[in-house]
Amino acid sequence: MGAVAEWAYNTSDKKIMINPSIAVLNKPIQGPVPHGKVSIEQTFNNHKMGRVEKTSISNFTFEEQYLTFHNYGYAANPARNFAAGKEVLVSTEVEEAQHGAGIYDKSKNKRQRVAGPDMPEAAQKANPDSAKWGGFIDGETVRKQIEIEVKAREEEVARQAEEERAVEGEERETKERITSVFHGGKETDYTGRSWMENKSSVHKDVDDKQCFLPKKWIHTWSGHTMGVQQIRWFPNTAHLLLSAGMDGKVCIWDYHNQRKCLRTYTGHDQAVRDINFTADGRRFYSASYDKNIQYWDTETGKIISTFTNKKTPFCVTVHPDLAMQNIIITGCSNKKAVQWDANSATIVQEYDEHMGAVNTVTICEDGKRILTTSDDKKIYLWEFGIPVVKKYIAEPTMHSVPAVCVSPDQKYLIGQSMDNKIIAYEAFGNFKFIGRKTFKGHLNAGYAITPGFSADGKWVMSGDVDGKLWFWDWGKCKNYRVLKAHDGVCSACLWHPIQTSRVVSAGWDGQIKLWD
């Protein structure tokens, strides 16, 4: 029997042919450790946290402890072996457990008398509205309560009506307020031509197949009181420059002649995030942090329409088809890319597969495909008008891409990656990642800095956090020039499509600079 007492029994066995003691049953199991196991006990585990054994408990006991735990915050410890002082488990969801209370205790919240001939005077003074037994209130008291509720409801209705009138007044004021200021002498010249007409006969450079890197700073446009977030050329001629400022203003500048601000558009109440011309430049769209998208007449400065989905738009992209200039797509903070019809100011389609705010929307392949980037570090490819993702571009090493630019020949697109790189993809077919086309050296993490291409596609440029303007060779991916452009962040840059050695940059110092 002494030899038997030295044994250690496996508790998973179903039969024990002898009568061992408790000490023998609880001895640790010893022996060779199986291959792939940390300890020999893991051989008998049936759960990732150890071994789970069945135990028998009556329904009455279980319900009692379950209800006590959820109502009073404590219950008996169901473990077989526990340390001293652990006999009771306390819930972490209650501030203080009601030890000793049980579900079978009689309730103390009985209906009591509030007044009566044998009640103390203090109790009667506490309830002067009724001189009857507790729980029964006369008609006069009920009438008083109803009058109080009706009065409160009338005040609430009056307050809501006053708020609605105030909102209507603000909307009327917004519609009536001056949304544009013309800074020139006359809006037409002596021949009747509009101030928007291209009066400069600037021909394209003779050697239009090659662009040259700018060397010097030749002009500064100043007018924004806060940083400039985005700049756009007037389509085809690039004789005007449109800028979106964080001061809530959109300004249009003359590129030739006196190079002054021609018109200021002041329809937004907060910073303007993005702008985009229609194909002919007669109209443009602006997206702002006041959650409004506005459709402008460039010449007169009037707001054609304003629409919103109560979410912040981060970008606005116009469909390239000349017959669909009223169709735009905005990337919003509610994880959706929203397609709008500007004529009716209604939502046509929503692309809602992203898990983060949509930063950019790029329409490729003549309007057949849509490329969206988001804060969820993914790039999605869609068919235009169909809210089903056609291709997912997502890698564990990818970072968020808050700014995208397409090459002049529409074959490639580059994106500003948040790991201080510019990455490149094909802008057609399967949109393959071009791993060898990576442009490094600048600091851009945390800022949506828009990169750019030269007119011939030979050079890639980008601003950075320190206000520098970087230029890389597209073929060699080598940095050739760095210019100190702005005091703050250099947020956007554009290469002139006609004068091939001129570049415009915008920064958070509120200035727009011309380089040659």
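What shape does region 22-97 take by its C-alpha gyration tensor, where a ≥ b ≥ c are the square roots of the eigenvalues and a/c under 1.5 counts as rounded, a/b above b/c as prolate, and the rest as oblate? It comes out prolate by the Cα gyration axes. The helix-based estimate of mean residue ellipticity at 222 nm for the chain, built from -39,500 (n - 2.57) per DSSP H run of four or more residues and divided by its residue count, is -4000 deg cm²/dmol to the nearest 500.
Per-residue SASA remark: LEU371, around 10 Å² accessible (1.4 Å probe; ligands, DNA and RNA not included).
Which of the three applies to region 264-377, rounded, prolate or oblate, going by the alpha-carbon gyration tensor with a ≥ b ≥ c and a/c under 1.5 meaning rounded?
Values: a/c = 1.87, a/b = 1.25, b/c = 1.50.
In terms of gyration-tensor shape, oblate.
Restricting attention to the chain, close to 100% of DSSP beta bridges with both partner residues there are antiparallel.
Ordering ASP321, ASP269, ASP290 by how much accessible area each has at a 1.4 Å probe, largest first, what is the list? All intermediate terms of the calculation are to be shown ahead of the outcome.
Details: ASP321 65, ASP269 110, ASP290 25 Å².
Per-residue accessible area, sorted high to low, gives ASP269, ASP321, ASP290.
Please report, as a whole percent, how much of the solvent-accessible surface of the chain comes from carbon and sulfur atoms (probe radius 1.4 Å).
With neighbouring chains kept in place, the figure for the chain is 51 percent.
What number comes out for the charge environment of PRO235, summing +1 per Lys or Arg and -1 per Asp or Glu over other residues with Cβ under 13 Å away? Its environment carries a net charge of +2. Rounded to the nearest 10 square angstrom, HIS399 shows an accessible area of 70 square angstrom against a 1.4 Å probe.
The string of couplings for region 427-435 from the Karplus curve (6.51, -1.76, 1.60, θ = phi - 60°) is 9, 7, x, 8, 6, 6, 6, 9, x Hz, one whole number per residue in order, with x for Gly and Pro.
Along its first, second and third principal axes, ordered by size, the chain spans 111, 87, 42 Å in Cα coordinates. Helix 59-72 and the longest principal axis of the Cα set of the chain meet at an angle near 50°. The angle between the Cα long axis of helix 139-176 and the main principal axis of the chain comes to about 20°, on a 0 to 90 degree scale.
Distance between the modelled labels on GLN160 and TYR104, one decimal in nanometres: 5.2 nm (7 Å Cα→Cβ projection).
Take LEU262: with every protein chain present and a 1.4 Å probe, its accessible area is about 20 Å². Magnitude of the charge dipole for region 259-318, about its Cα centre and with charges confined to Cβ atoms of Lys, Arg (+1) and Asp, Glu (-1), is about 100 debye.
Charged neighbours of CYS261, selected by a Cβ distance under 12 Å, balance to +3 (K, R count +1; D, E count -1).
The values are calculated or read from the model by the stated rules, or taken from the named source; none is laboratory data. Source: prediction; values computed, not measured. Positions of Cβ are backbone-derived with ideal geometry, glycine not excepted, and every protein chain shown enters the neighbour counts. Ligands, DNA and RNA are excluded from the accessible area calculation, which covers all protein heavy atoms including side chains. Shrake-Rupley method; radii C 1.70, N 1.55, O 1.52, S 1.80 Å.
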